[in-house]
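This report concerns only the one structure given below.
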Amino acid sequence: MGKSVLVIEDEPNIIEAISFILSRDGWRVASHSNGVDAVEAVEHRKPDLVILDVMLPGRSGYDILRELRARADTDQLPVLMLTARGQTRDRVLAEEIGASRFMSKPFSNAEVLEAVNALIAP
């Protein structure tokens, strides 16, 4: 069975770009577009990796990551955080909370592939 990723992102063009990039590389891609029930979506889908936007409707990516890290079933789940605000303090906060990796938008196809493949050992 292929690797699975859940993209939690509210911008359709970003979802489409990431889905295209990763599907071509053999990933099964699902998406979720709001923060309110994002943790439940992770619970339901049980992905190998989560790509999580910082700014989501209803709840921030930071809050979602805090909850994922507090749960025994998702405390080790690889999470790549995305943000349009590439400021140092955003990166530091993400790392403190437990993001596996942090990436600023816009990103290149190669950056996304490198990041996800580095987070999931073959």
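Some values worked out for this structure:
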| read-out | value |
| --- | --- |
| Selection count, the range 1-47, where residues are under 23 Å from residue 57 (Cβ atoms) and touching a Gly at 6+ places or on another chain (Cβ under 6 Å) | 3 |
| Identity of the residue in the range 80-93, surrounded by 13 or more Cβ atoms within 10 Å (Cβ to Cβ) and more than 20 Å from residue 11 (Cα to Cα), that ends up modelled with the highest pLDDT | 93 |
| Qualifying positions in the range 1-24 - within 22 Å of residue 117 (Cα to Cα), of a type in the set (D, E, K, R) and surrounded by 15 or more Cβ atoms within 10 Å (Cβ to Cβ) | 3, 9 |
| Yes/no for residue 77 being modelled with pLDDT of 95 or more and surrounded by 15 or more Cβ atoms within 10 Å (Cβ to Cβ) | yes |
| Lone qualifier among 45, 59, 69 - being of a type in the set (Lys, Arg), closer than 23 Å to residue 24 by Cα and either open to solvent by less than 20 Å² (accessible area, probe 1.4 Å) or at pLDDT 95 or above (or both) | 45 |
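The values are calculated or read from the model by the stated rules, or taken from the named source; none is laboratory data. The structure displayed is predicted, hence computed values, not measured ones. All Cβ positions, glycine included, derive from the backbone under ideal geometry; neighbour counts span all protein chains shown. Note: accessible area is taken over every heavy atom of the protein model, side chains too, but ligands, DNA and RNA are not part of it. Shrake-Rupley method; radii C 1.70, N 1.55, O 1.52, S 1.80 Å.
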